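Notes for the one structure printed next.
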Amino acid sequence: MKLKAAQVENFLRAPDAKAQLVLIYGEDEGLVRERAVKLAQTVIEDLKDPFRVIELGTPQLKEDAGRLRDEAAAISFGGGRRVIRIRDIGEAQAPIIADFLSHPAGDALIVIEAGSLATKSKLRQAVEKSGNGMALPCYADSGRDLEGLINSVMEDHKLRIDRDAIRYLVANLGSDRMISRSELEKLALYALKDPQVTLAAAMACVGDSSARHYDDIVQAVSQGNVANLDTALTRLVEEGLNPVGALRMMIGYFQKLHLVKGQMSQGTNAEQAMKALRPPLFFKAADQFRANLHNWALANLQRALQILLEAEKDCKSGLGIPETIAHRAMIKIAVARQKQARR
């Protein structure tokens, strides 16, 4: 069985009893991990309980193909349903998963975490075509998703937040749920003594975050500033962040440019087209966005998006090192923009 993205949250709150094995997959590793934890906690709140929670990896499944069935059938010391967590699984383990789903055992909840999987993935197909498995997709947070996350974290800390602060955070939090949540928790602690989280607090706390480093790369590429791009990429790598995250943010940014530029070509005023963007642009980013609208032709934006989307596809294919693929795409677009500016 499979769920649409819009159905995932409802399933996590009240899982289908028929789904003994749940595959959670997607490009957003942080969101995959968060949802896996949330699902597992519907069975047992303390995921460190050694009697009711077992973690399996690829090595264990390779060594013993029957290990999954044995663990699922095992009875926990002291009683209670067990949870089996499996991480970093790949296509090579698809036959083991398919075999278990065909001949299930026990009542343990099996939660599998995986990266991005193509529609034709054997692992996905094994779960989606079964009657006792469920596949949950995880996509990068949209503006609406980020707003929901922001409000949720602030409510957990009993904080109110200004609308301008929300707009700033939506514009500066990135495509990884784990990083976004970490930044919001930091902001909540920073503003804990104040009755309301202000724009100033958000900028002070999140301004130097990983999302800001991603934005530095996006702006360097859109402006054709190769020197700034190299500096920003070096800083990103030094802090252990993933250049692929910047690639995904860049796709979103260029899609907005392309959308507004397309509307302008049909006679819409630039300001009206920009105001119609959802989520809206943060006001301090508007001037640079206008400059990029002026400097980028519609055809060049289409070509840049093609390069970025192909790079994202290649990152997911496993045909090369994602960081290298993303870096090459960024350099290619920045150099092209630089050449165009010299004409």
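The values are calculated or read from the model by the stated rules, or taken from the named source; none is laboratory data. Since this is a predicted model, take the numbers as computed values, not measurements. Reconstructed Cβ throughout: ideal geometry from the backbone, glycine too, with neighbour counts over all protein chains shown. These area figures cover heavy atoms from the full protein model, side chains too; ligands, DNA and RNA do not enter into them. Shrake-Rupley method; radii C 1.70, N 1.55, O 1.52, S 1.80 Å.
All of (1) at pLDDT 80 or above; (2) within 22 Å of E312 (Cβ to Cβ) hold for P279 with one exception: (1). Just need a number here: residues in region 311-343 that are open to solvent by 30 Å² or more (accessible area, probe 1.4 Å), among the charged types (D, E, K, R) and modelled with pLDDT of 85 or more. The qualifying residues number 2. For first residues located in region 147-171 and closer than 16 Å to A191 by Cβ, partners that are at pLDDT 85 or above and in a strand (DSSP E or B) and lie 6+ apart or on another chain with Cβ distances below 6 Å form the pairs M154/I161; L159/V197; R160/Q196; I161/V197; A165/V197. Under the condition of being closer than 23 Å to M249 by Cβ and modelled with pLDDT of 90 or more, the residues counted in region 1-23 number 0. Of the residues making up region 48-66, at least one is among the aliphatic types (A, V, I, L, M) and over 25 Å from L117 (Cα atoms).
Can you find a residue in region 91-99 that is exposed (fewer than 13 other Cβ atoms within 10 Å of the Cβ) and either at negative phi or out of contact with any helix residue (DSSP H, G or I) (no Cβ under 6 Å at 6 or more places or on another chain) (or both)? Let's see the steps before the verdict.
Quick first cut of region 91-99, residues exposed (fewer than 13 other Cβ atoms within 10 Å of the Cβ) only: 92.
Then drop every residue that is not either at negative phi or out of contact with any helix residue (DSSP H, G or I) (no Cβ under 6 Å at 6 or more places or on another chain) (or both), which leaves 92.
Yes, there is a match, as at least one residue in region 91-99 is exposed (fewer than 13 other Cβ atoms within 10 Å of the Cβ) and either at negative phi or out of contact with any helix residue (DSSP H, G or I) (no Cβ under 6 Å at 6 or more places or on another chain) (or both).
What do you reckon, is A36 small (G, A, S) and outside any loop (DSSP other than H, G, I, E, B)? So A36 passes the test. Any residue at all in region 228-250 that's at pLDDT 80 or above, farther than 25 Å from S116 by Cβ and touching a Lys or Arg at 6+ places or on another chain (Cβ under 8 Å)? No: zero hits. Counting only helices (runs of 4 or more DSSP H) that sit wholly inside region 53-117, not one has at least 3 residues that are in contact with a Cys (Cβ under 7 Å, 6 or more places away or on another chain).
Consider region 118-148. How many of its residues are part of a helix (DSSP H, G or I) and at pLDDT 90 or above?
So in region 118-148, the residues part of a helix (DSSP H, G or I) come out as 122-128, 143-148.
Now drop any that are not at pLDDT 90 or above, which leaves 122-128.
The total comes to 7.
Would you pick out the residues in region 1-33 that are crowded, with 18+ Cβ neighbours inside 10 Å and either of a type in the set (D, E, K, R) or in a strand (DSSP E or B) (or both)? Once the filter is applied, which keeps residues that are crowded, with 18+ Cβ neighbours inside 10 Å and either of a type in the set (D, E, K, R) or in a strand (DSSP E or B) (or both), region 1-33 yields L21, V22, L23, I24, Y25, G26, E27, D28, E29. Taking the numbered list (1) under 19 Å from the mean Cα position of the chain (by Cα); (2) closer than 26 Å to R167 by Cα; (3) at pLDDT below 85 in turn, L308 passes all entries but (3).
Selection of region 34-64 for residues being surrounded by 13 or more Cβ atoms within 10 Å (Cβ to Cβ) and of a type in the set (K, R) yields R35, K38, R52. For G78, the conditions (1) small (G, A, S); (2) surrounded by fewer than 14 Cβ atoms within 10 Å (Cβ to Cβ); (3) touching a helix residue (DSSP H, G or I) at 6+ places or on another chain (Cβ under 9 Å) all hold with the exception of (3).
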